[in-house]
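Encoded as C-alpha coordinates, the structure appears first; notes follow it.
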Number of protein chains: 2
Amino acid sequence: MEDHTALGCRDFVDILASKAPVPGGGGASALVGAIGMALGNMVGSLTVGKAKYADVQDDIIVLKKQADSLQDELLNLVRIDAEAFEPLSAAYGLPKDTEEEKAHKAEVMEQCLRDACAAPLDIMRRCCEAIELHEQFAAKGTAIAISDVGVGVVLCKSALQGASLNVFINTASMLDRRYAEQINTEANRMLEEYTARADVIFTDVAARFN
Amino acid sequence: MEDHTALGCRDFVDILASKAPVPGGGGASALVGAIGMALGNMVGSLTVGKAKYADVQDDIIVLKKQADSLQDELLNLVRIDAEAFEPLSAAYGLPKDTEEEKAHKAEVMEQCLRDACAAPLDIMRRCCEAIELHEQFAAKGTAIAISDVGVGVVLCKSALQGASLNVFINTASMLDRRYAEQINTEANRMLEEYTARADVIFTDVAARFN
(Lines give C-alpha, C1' and ligand atoms only; values in the text may rest on other atoms or scores of the structure.)
Protein backbone atom coordinates (compact mmCIF):
# COMPACT_ATOMS: atom_id res chain seq x y z
CA MET A 1 0.00 0.00 0.00
CA GLU A 2 1.32 3.43 -1.01
CA ASP A 3 2.00 5.85 1.83
CA HIS A 4 0.01 8.91 0.76
CA THR A 5 1.74 11.12 3.35
CA ALA A 6 4.86 10.85 1.16
CA LEU A 7 2.96 12.80 -1.50
CA GLY A 8 3.17 16.58 -1.76
CA CYS A 9 0.29 18.42 -0.12
CA ARG A 10 -1.22 19.35 -3.49
CA ASP A 11 -0.97 15.76 -4.75
CA PHE A 12 -2.61 14.48 -1.56
CA VAL A 13 -5.51 16.90 -2.08
CA ASP A 14 -5.80 15.88 -5.75
CA ILE A 15 -5.92 12.14 -5.07
CA LEU A 16 -8.32 12.73 -2.18
CA ALA A 17 -10.69 14.52 -4.58
CA SER A 18 -10.52 11.67 -7.12
CA LYS A 19 -12.57 8.47 -7.10
CA ALA A 20 -9.57 6.45 -5.88
CA PRO A 21 -10.84 4.35 -2.93
CA VAL A 22 -8.11 5.68 -0.62
CA PRO A 23 -7.32 8.04 0.99
CA GLY A 24 -10.82 8.88 2.21
CA GLY A 25 -12.40 10.49 5.25
CA GLY A 26 -10.34 8.43 7.72
CA GLY A 27 -6.97 9.28 6.18
CA ALA A 28 -7.96 12.94 5.76
CA SER A 29 -8.93 13.09 9.45
CA ALA A 30 -5.61 11.54 10.49
CA LEU A 31 -3.64 14.08 8.43
CA VAL A 32 -5.67 16.99 9.83
CA GLY A 33 -5.09 15.65 13.36
CA ALA A 34 -1.33 15.68 12.66
CA ILE A 35 -1.54 19.25 11.29
CA GLY A 36 -3.46 20.37 14.37
CA MET A 37 -0.99 18.71 16.75
CA ALA A 38 1.89 20.36 14.87
CA LEU A 39 0.44 23.80 15.65
CA GLY A 40 0.41 23.08 19.39
CA ASN A 41 3.94 21.73 19.00
CA MET A 42 4.94 24.96 17.20
CA VAL A 43 3.84 26.99 20.23
CA GLY A 44 6.17 24.76 22.25
CA SER A 45 9.00 25.40 19.76
CA LEU A 46 8.48 29.17 20.12
CA THR A 47 8.57 28.85 23.93
CA VAL A 48 11.78 26.87 24.34
CA GLY A 49 14.82 29.07 25.00
CA LYS A 50 12.80 32.14 26.02
CA ALA A 51 13.94 33.63 29.35
CA LYS A 52 10.36 34.57 30.26
CA TYR A 53 9.37 30.89 30.11
CA ALA A 54 12.51 29.35 31.65
CA ASP A 55 10.56 27.84 34.57
CA VAL A 56 8.36 25.74 32.23
CA GLN A 57 11.07 24.90 29.69
CA ASP A 58 11.58 21.32 30.95
CA ASP A 59 7.83 20.67 30.81
CA ILE A 60 7.63 22.10 27.29
CA ILE A 61 10.46 19.86 26.08
CA VAL A 62 8.59 16.79 27.36
CA LEU A 63 5.31 18.00 25.81
CA LYS A 64 7.06 18.58 22.47
CA LYS A 65 8.36 15.00 22.43
CA GLN A 66 4.85 13.71 23.07
CA ALA A 67 3.56 15.97 20.28
CA ASP A 68 6.24 14.67 17.88
CA SER A 69 5.13 11.09 18.62
CA LEU A 70 1.45 11.90 18.14
CA GLN A 71 2.15 13.61 14.79
CA ASP A 72 4.04 10.50 13.66
CA GLU A 73 1.32 8.13 14.84
CA LEU A 74 -1.40 10.17 13.14
CA LEU A 75 0.57 10.33 9.89
CA ASN A 76 1.11 6.55 10.07
CA LEU A 77 -2.63 6.11 10.55
CA VAL A 78 -3.21 7.57 7.06
CA ARG A 79 -1.58 4.43 5.66
CA ILE A 80 -3.06 2.07 8.26
CA ASP A 81 -6.56 3.36 7.51
CA ALA A 82 -6.00 2.86 3.77
CA GLU A 83 -4.72 -0.69 4.32
CA ALA A 84 -7.80 -1.61 6.37
CA PHE A 85 -10.22 -0.13 3.86
CA GLU A 86 -9.15 -2.09 0.79
CA PRO A 87 -10.16 -5.60 2.05
CA LEU A 88 -13.56 -4.19 3.09
CA SER A 89 -13.98 -2.68 -0.35
CA ALA A 90 -13.16 -6.10 -1.88
CA ALA A 91 -15.51 -7.93 0.52
CA TYR A 92 -18.48 -5.84 -0.68
CA GLY A 93 -17.91 -7.40 -4.10
CA LEU A 94 -18.04 -11.04 -2.94
CA PRO A 95 -20.80 -13.14 -4.56
CA LYS A 96 -23.94 -14.00 -2.56
CA ASP A 97 -25.82 -16.25 -4.97
CA THR A 98 -25.92 -19.39 -2.81
CA GLU A 99 -26.54 -19.82 0.93
CA GLU A 100 -22.92 -20.86 1.33
CA GLU A 101 -21.67 -17.74 -0.45
CA LYS A 102 -24.00 -15.57 1.65
CA ALA A 103 -22.69 -17.06 4.88
CA HIS A 104 -19.09 -16.73 3.74
CA LYS A 105 -19.59 -13.12 2.68
CA ALA A 106 -21.25 -12.24 5.99
CA GLU A 107 -18.35 -13.73 7.91
CA VAL A 108 -15.68 -11.98 5.82
CA MET A 109 -17.59 -8.68 5.94
CA GLU A 110 -17.89 -8.80 9.72
CA GLN A 111 -14.14 -9.21 10.14
CA CYS A 112 -13.38 -6.51 7.54
CA LEU A 113 -15.77 -4.10 9.29
CA ARG A 114 -13.95 -4.70 12.59
CA ASP A 115 -10.60 -4.05 10.92
CA ALA A 116 -11.92 -0.94 9.14
CA CYS A 117 -13.17 0.42 12.49
CA ALA A 118 -9.86 -0.02 14.27
CA ALA A 119 -7.98 2.69 12.37
CA PRO A 120 -10.50 5.54 12.78
CA LEU A 121 -10.99 4.52 16.42
CA ASP A 122 -7.23 4.86 16.88
CA ILE A 123 -7.30 8.22 15.08
CA MET A 124 -9.95 9.34 17.59
CA ARG A 125 -7.82 8.20 20.54
CA ARG A 126 -4.77 10.05 19.22
CA CYS A 127 -6.86 13.21 18.63
CA CYS A 128 -8.03 13.07 22.27
CA GLU A 129 -4.39 12.92 23.38
CA ALA A 130 -3.60 15.81 21.02
CA ILE A 131 -6.38 17.88 22.63
CA GLU A 132 -4.92 17.10 26.09
CA LEU A 133 -1.50 18.31 24.91
CA HIS A 134 -3.10 21.53 23.63
CA GLU A 135 -4.45 22.13 27.14
CA GLN A 136 -0.85 22.01 28.36
CA PHE A 137 0.50 24.21 25.55
CA ALA A 138 -2.29 26.74 26.22
CA ALA A 139 -1.38 26.84 29.92
CA LYS A 140 2.40 26.91 29.58
CA GLY A 141 3.27 28.06 26.06
CA THR A 142 4.29 31.54 24.95
CA ALA A 143 1.45 34.04 24.86
CA ILE A 144 2.59 35.48 21.52
CA ALA A 145 1.45 32.33 19.70
CA ILE A 146 -1.74 31.73 21.66
CA SER A 147 -3.88 31.96 18.51
CA ASP A 148 -2.04 28.93 17.12
CA VAL A 149 -3.07 26.84 20.13
CA GLY A 150 -6.66 27.78 19.32
CA VAL A 151 -6.28 26.85 15.65
CA GLY A 152 -4.48 23.60 16.53
CA VAL A 153 -7.13 22.45 18.95
CA VAL A 154 -10.07 23.20 16.65
CA LEU A 155 -8.36 21.23 13.86
CA CYS A 156 -7.81 18.26 16.22
CA LYS A 157 -11.46 18.48 17.29
CA SER A 158 -12.63 18.29 13.67
CA ALA A 159 -10.30 15.34 13.04
CA LEU A 160 -11.86 13.60 16.07
CA GLN A 161 -15.36 14.26 14.75
CA GLY A 162 -14.42 13.29 11.20
CA ALA A 163 -12.88 9.99 12.28
CA SER A 164 -15.98 9.22 14.37
CA LEU A 165 -18.12 9.09 11.20
CA ASN A 166 -15.76 6.44 9.82
CA VAL A 167 -16.24 4.43 13.00
CA PHE A 168 -20.04 4.77 12.94
CA ILE A 169 -20.45 3.95 9.24
CA ASN A 170 -18.69 0.63 9.90
CA THR A 171 -20.35 -0.30 13.21
CA ALA A 172 -23.75 0.42 11.59
CA SER A 173 -23.22 -2.55 9.22
CA MET A 174 -22.01 -5.03 11.85
CA LEU A 175 -24.16 -8.07 12.64
CA ASP A 176 -22.60 -8.50 16.09
CA ARG A 177 -24.53 -5.65 17.75
CA ARG A 178 -22.94 -6.21 21.15
CA TYR A 179 -19.47 -5.61 19.69
CA ALA A 180 -20.76 -2.68 17.60
CA GLU A 181 -22.35 -0.99 20.63
CA GLN A 182 -19.17 -1.44 22.64
CA ILE A 183 -17.22 0.46 19.95
CA ASN A 184 -19.95 3.10 19.60
CA THR A 185 -19.93 3.67 23.36
CA GLU A 186 -16.20 4.31 23.38
CA ALA A 187 -16.44 6.62 20.34
CA ASN A 188 -19.36 8.58 21.81
CA ARG A 189 -17.59 8.93 25.15
CA MET A 190 -14.52 10.37 23.40
CA LEU A 191 -16.65 12.73 21.30
CA GLU A 192 -18.58 14.01 24.29
CA GLU A 193 -15.61 14.60 26.56
CA TYR A 194 -13.03 15.87 24.11
CA THR A 195 -15.10 18.13 21.84
CA ALA A 196 -16.09 19.92 25.08
CA ARG A 197 -12.47 20.16 26.25
CA ALA A 198 -11.40 21.48 22.83
CA ASP A 199 -14.23 24.06 22.92
CA VAL A 200 -13.00 25.36 26.29
CA ILE A 201 -9.55 26.08 24.83
CA PHE A 202 -10.87 27.54 21.57
CA THR A 203 -13.38 29.80 23.35
CA ASP A 204 -10.74 30.96 25.83
CA VAL A 205 -8.31 31.83 23.02
CA ALA A 206 -10.99 33.61 20.96
CA ALA A 207 -12.07 35.63 24.03
CA ARG A 208 -8.58 37.15 24.30
CA PHE A 209 -9.09 39.02 21.03
CA ASN A 210 -12.52 40.49 21.81
CA MET B 1 8.60 32.96 -0.58
CA GLU B 2 8.67 29.15 -0.62
CA ASP B 3 5.40 27.45 -1.48
CA HIS B 4 4.96 25.06 1.43
CA THR B 5 2.21 23.13 -0.37
CA ALA B 6 4.95 21.79 -2.66
CA LEU B 7 6.37 19.97 0.39
CA GLY B 8 5.41 16.42 1.22
CA CYS B 9 2.67 16.11 3.85
CA ARG B 10 5.15 14.91 6.48
CA ASP B 11 7.55 17.76 5.73
CA PHE B 12 4.71 20.28 5.96
CA VAL B 13 3.78 18.91 9.38
CA ASP B 14 7.44 19.00 10.48
CA ILE B 15 8.03 22.61 9.46
CA LEU B 16 4.67 23.61 10.95
CA ALA B 17 5.79 22.15 14.31
CA SER B 18 9.11 24.05 14.19
CA LYS B 19 9.71 27.64 15.26
CA ALA B 20 9.89 28.78 11.62
CA PRO B 21 7.61 31.86 11.37
CA VAL B 22 5.61 30.33 8.50
CA PRO B 23 3.52 28.33 7.90
CA GLY B 24 1.39 29.03 10.97
CA GLY B 25 -2.27 28.87 11.92
CA GLY B 26 -3.44 30.68 8.78
CA GLY B 27 -1.60 28.40 6.35
CA ALA B 28 -2.63 25.29 8.31
CA SER B 29 -6.28 26.41 8.14
CA ALA B 30 -6.04 26.98 4.38
CA LEU B 31 -4.58 23.50 3.83
CA VAL B 32 -7.25 21.88 6.01
CA GLY B 33 -9.92 23.80 4.08
CA ALA B 34 -8.52 22.34 0.84
CA ILE B 35 -8.48 18.82 2.35
CA GLY B 36 -12.09 19.23 3.48
CA MET B 37 -13.22 20.51 0.07
CA ALA B 38 -11.43 17.58 -1.59
CA LEU B 39 -13.60 15.13 0.38
CA GLY B 40 -16.80 16.75 -0.89
CA ASN B 41 -15.26 16.71 -4.38
CA MET B 42 -14.47 12.98 -3.95
CA VAL B 43 -18.14 12.27 -3.32
CA GLY B 44 -18.79 14.02 -6.64
CA SER B 45 -16.12 11.89 -8.33
CA LEU B 46 -17.82 8.73 -7.01
CA THR B 47 -21.20 9.95 -8.30
CA VAL B 48 -20.25 10.79 -11.90
CA GLY B 49 -20.96 7.96 -14.33
CA LYS B 50 -23.34 6.08 -11.99
CA ALA B 51 -26.65 5.19 -13.65
CA LYS B 52 -28.55 5.74 -10.40
CA TYR B 53 -27.40 9.40 -10.36
CA ALA B 54 -27.65 10.12 -14.10
CA ASP B 55 -30.24 12.88 -13.56
CA VAL B 56 -27.85 14.94 -11.39
CA GLN B 57 -24.67 14.17 -13.32
CA ASP B 58 -24.54 17.57 -15.06
CA ASP B 59 -24.96 19.36 -11.73
CA ILE B 60 -22.25 17.24 -10.15
CA ILE B 61 -19.81 18.03 -12.96
CA VAL B 62 -20.36 21.77 -12.39
CA LEU B 63 -20.00 21.36 -8.61
CA LYS B 64 -16.77 19.39 -9.08
CA LYS B 65 -15.27 22.22 -11.18
CA GLN B 66 -16.17 24.72 -8.46
CA ALA B 67 -14.61 22.40 -5.86
CA ASP B 68 -11.42 22.07 -7.95
CA SER B 69 -11.13 25.88 -8.05
CA LEU B 70 -11.73 26.25 -4.31
CA GLN B 71 -9.07 23.62 -3.54
CA ASP B 72 -6.59 25.54 -5.71
CA GLU B 73 -7.47 28.89 -4.15
CA LEU B 74 -7.15 27.51 -0.63
CA LEU B 75 -3.80 25.88 -1.44
CA ASN B 76 -2.60 29.19 -2.95
CA LEU B 77 -3.67 30.95 0.25
CA VAL B 78 -1.07 28.92 2.19
CA ARG B 79 1.60 30.89 0.30
CA ILE B 80 -0.32 34.18 0.30
CA ASP B 81 -0.78 33.98 4.08
CA ALA B 82 2.95 33.31 4.55
CA GLU B 83 3.87 36.25 2.29
CA ALA B 84 1.67 38.62 4.29
CA PHE B 85 2.98 37.45 7.65
CA GLU B 86 6.68 38.10 7.09
CA PRO B 87 6.47 41.94 6.74
CA LEU B 88 4.33 42.06 9.92
CA SER B 89 6.92 39.96 11.71
CA ALA B 90 9.63 42.41 10.55
CA ALA B 91 7.54 45.45 11.53
CA TYR B 92 7.33 44.23 15.15
CA GLY B 93 11.12 44.59 15.24
CA LEU B 94 11.22 48.25 14.09
CA PRO B 95 12.84 50.67 16.58
CA LYS B 96 10.64 53.00 18.68
CA ASP B 97 13.20 55.04 20.56
CA THR B 98 12.21 58.47 19.19
CA GLU B 99 8.79 60.01 18.56
CA GLU B 100 9.51 59.86 14.83
CA GLU B 101 10.38 56.17 15.01
CA LYS B 102 7.25 55.49 17.07
CA ALA B 103 5.04 57.24 14.53
CA HIS B 104 6.71 55.46 11.63
CA LYS B 105 6.41 52.06 13.33
CA ALA B 106 2.72 52.64 14.10
CA GLU B 107 2.03 53.53 10.48
CA VAL B 108 3.95 50.53 9.07
CA MET B 109 2.35 48.18 11.64
CA GLU B 110 -1.15 49.35 10.76
CA GLN B 111 -0.63 48.58 7.08
CA CYS B 112 1.03 45.23 7.84
CA LEU B 113 -1.88 44.27 10.12
CA ARG B 114 -4.34 45.03 7.32
CA ASP B 115 -2.31 42.92 4.89
CA ALA B 116 -1.97 40.08 7.43
CA CYS B 117 -5.76 40.10 7.94
CA ALA B 118 -6.57 39.86 4.26
CA ALA B 119 -5.33 36.29 3.77
CA PRO B 120 -7.17 34.64 6.69
CA LEU B 121 -10.29 36.65 5.80
CA ASP B 122 -10.04 35.20 2.29
CA ILE B 123 -9.51 31.71 3.73
CA MET B 124 -12.74 32.21 5.70
CA ARG B 125 -14.65 33.29 2.57
CA ARG B 126 -13.41 30.26 0.64
CA CYS B 127 -14.34 27.92 3.52
CA CYS B 128 -17.89 29.36 3.48
CA GLU B 129 -18.10 28.59 -0.23
CA ALA B 130 -16.73 25.09 0.47
CA ILE B 131 -19.47 24.54 3.08
CA GLU B 132 -22.08 25.63 0.51
CA LEU B 133 -20.70 23.09 -1.98
CA HIS B 134 -20.91 20.38 0.68
CA GLU B 135 -24.63 21.16 1.03
CA GLN B 136 -24.97 20.39 -2.68
CA PHE B 137 -22.83 17.24 -2.54
CA ALA B 138 -24.86 16.05 0.47
CA ALA B 139 -28.11 16.59 -1.43
CA LYS B 140 -27.02 15.18 -4.81
CA GLY B 141 -23.99 12.95 -4.25
CA THR B 142 -23.91 9.16 -4.00
CA ALA B 143 -25.26 7.82 -0.72
CA ILE B 144 -22.43 5.28 -0.42
CA ALA B 145 -19.94 8.06 0.36
CA ILE B 146 -22.20 10.16 2.59
CA SER B 147 -19.83 9.87 5.56
CA ASP B 148 -17.15 11.65 3.51
CA VAL B 149 -19.45 14.66 3.03
CA GLY B 150 -19.76 14.80 6.82
CA VAL B 151 -16.00 14.58 7.32
CA GLY B 152 -15.34 17.15 4.59
CA VAL B 153 -17.75 19.69 6.02
CA VAL B 154 -16.50 19.40 9.60
CA LEU B 155 -12.91 19.92 8.36
CA CYS B 156 -14.00 23.03 6.39
CA LYS B 157 -15.80 24.32 9.49
CA SER B 158 -12.65 23.98 11.61
CA ALA B 159 -10.61 25.72 8.89
CA LEU B 160 -13.15 28.58 8.98
CA GLN B 161 -12.87 28.81 12.78
CA GLY B 162 -9.09 28.49 12.73
CA ALA B 163 -8.68 31.26 10.14
CA SER B 164 -10.98 33.51 12.19
CA LEU B 165 -8.48 33.53 15.07
CA ASN B 166 -5.83 34.80 12.64
CA VAL B 167 -8.20 37.60 11.62
CA PHE B 168 -9.04 38.53 15.22
CA ILE B 169 -5.44 38.49 16.50
CA ASN B 170 -4.59 41.09 13.83
CA THR B 171 -7.67 43.31 14.14
CA ALA B 172 -7.12 43.38 17.93
CA SER B 173 -3.86 45.31 17.40
CA MET B 174 -5.21 47.82 14.86
CA LEU B 175 -5.38 51.50 15.84
CA ASP B 176 -8.10 52.23 13.27
CA ARG B 177 -10.96 50.70 15.29
CA ARG B 178 -13.59 51.55 12.68
CA TYR B 179 -11.73 49.47 10.06
CA ALA B 180 -11.03 46.72 12.60
CA GLU B 181 -14.69 46.47 13.61
CA GLN B 182 -15.76 46.32 9.97
CA ILE B 183 -13.49 43.28 9.45
CA ASN B 184 -14.60 41.70 12.74
CA THR B 185 -18.25 42.12 11.76
CA GLU B 186 -17.71 40.30 8.46
CA ALA B 187 -15.71 37.53 10.18
CA ASN B 188 -18.32 37.08 12.93
CA ARG B 189 -21.14 37.01 10.40
CA MET B 190 -19.38 34.24 8.44
CA LEU B 191 -18.67 32.27 11.63
CA GLU B 192 -22.25 32.50 12.83
CA GLU B 193 -23.93 31.56 9.57
CA TYR B 194 -21.54 28.92 8.25
CA THR B 195 -20.64 27.00 11.40
CA ALA B 196 -24.40 26.51 11.80
CA ARG B 197 -24.81 25.39 8.18
CA ALA B 198 -21.88 22.97 8.55
CA ASP B 199 -23.40 21.59 11.77
CA VAL B 200 -26.68 20.84 9.98
CA ILE B 201 -24.86 18.67 7.41
CA PHE B 202 -22.62 16.96 9.97
CA THR B 203 -25.52 16.19 12.32
CA ASP B 204 -27.64 14.90 9.45
CA VAL B 205 -24.84 12.58 8.27
CA ALA B 206 -24.09 11.33 11.80
CA ALA B 207 -27.80 10.62 12.37
CA ARG B 208 -27.84 8.16 9.47
CA PHE B 209 -25.55 5.80 11.40
CA ASN B 210 -27.47 5.78 14.68
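Label-point spacing at B:D72 relative to the other copies reads 3.9 nm, in ascending order, each point sitting 7 Å out from Cα along Cα→Cβ.
Peptide B:165-174 is shielded by partner chain Cβ atoms: per residue, an average of 5 of them sit within 10 Å of its Cβ. For the rotation carrying A onto B, the chain A residue whose Cβ lies nearest the axis, with the distance in whole Å, reads A:S158, 2.
Shape of segment A:26-132 from its Cα gyration tensor (a ≥ b ≥ c, root eigenvalues): rounded if a/c is under 1.5, otherwise prolate when a/b > b/c, or oblate? Verdict is prolate for segment A:26-132.
Rounded to the nearest 20 debye, the dipole magnitude of the protein assembly as shown is 460 debye, with +1 charges on Lys and Arg beta carbons, -1 on Asp and Glu beta carbons, and the Cα centre as origin.
Per-residue packing, averaged as other Cβ atoms within 10 Å, sorts the ranges B:45-56, B:68-79 into the order B:68-79, B:45-56, beginning with the highest.
The base-10 log of I(q)/I(0) for segment A:108-210, evaluated at q = 0.13, 0.17, 0.19 Å⁻¹, reads -0.51, -0.72, -0.83 [Debye formula, identical scatterers on Cα atoms, solvent excluded].
Projecting the Cα atoms of A:L74, A:M109, A:A51 onto the dipole axis of segment A:34-109, where Lys and Arg carry +1 and Asp and Glu carry -1 at the beta carbon, places A:A51 farthest toward the positive end. Please name which of A:C128, A:A118, A:A139 has its Cα lying farthest along the dipole of segment A:93-140 towards the positive end, using unit charges on Cβ (Lys, Arg +1; Asp, Glu -1) and the Cα centre as origin. Going by the charge dipole, the pick is A:A139.
In straight-distance terms, cross-link reach from B:K140 covers every one of the lysines whose alpha-carbon lies under 28 Å from its own, apart from those fewer than eight places away in the same chain; here that gives A:K19, A:K157, B:K50, B:K52, B:K64, B:K65, B:K157. The angle separating the long axis of helix A:177-207 from the principal Cα axis of greatest extent in chain A is about 20 degrees. Counts of other chain beta carbons within 10 angstrom of each beta carbon in peptide A:186-195 average 0. The distance separating the Cα centre of segment B:54-132 from that of segment A:143-210 comes to 27 Å. State, to one decimal in nm and shortest first, how far the label point of A:S89 sits from each corresponding label point in the other identical copies (label point: 7 angstrom along Cα-to-Cβ). So the label point of A:S89 gives 3.9 nm to the other copies. For chain B, the equivalent ellipsoid built from the Cα gyration tensor has semi-axes of 38, 18, 13 Å, listed from largest to smallest. Accessible area per residue (1.4 Å probe, heavy atoms of protein chains only) ranks B:H134, A:H104 as A:H104, B:H134, with the largest value leading. Over the protein assembly as shown, the alpha carbon radius of gyration divided by the compact-protein estimate 2.2 N^0.38 Å works out to 1.00. For the residues of A:141-147, the average number of beta carbons from a partner chain within 10 Å of their own beta carbon is 3.
Summary for A:I144: label point 7 Å along Cα→Cβ; distances to the equivalent points in the other copies, ascending, 5.3 nm. Relative to the longest principal axis of the Cα atoms of chain A, helix A:57-92 runs at roughly 20 degrees.
Shape analysis of segment B:159-207 yields a ratio of the Cα radius of gyration to the Kirkwood radius, Rg/Rh, of 1.15.
The values are calculated or read from the model by the stated rules, or taken from the named source; none is laboratory data. Since the structure is predicted, the reported quantities are computational estimates derived from the model, not experimental observations. All Cβ positions, even for glycine, are placed from backbone atoms using ideal geometry, and neighbour counts span all protein chains on display. Only protein heavy atoms, including side chains, enter the accessible area calculation; ligands, DNA and RNA are left aside. Shrake-Rupley method; radii C 1.70, N 1.55, O 1.52, S 1.80 Å.
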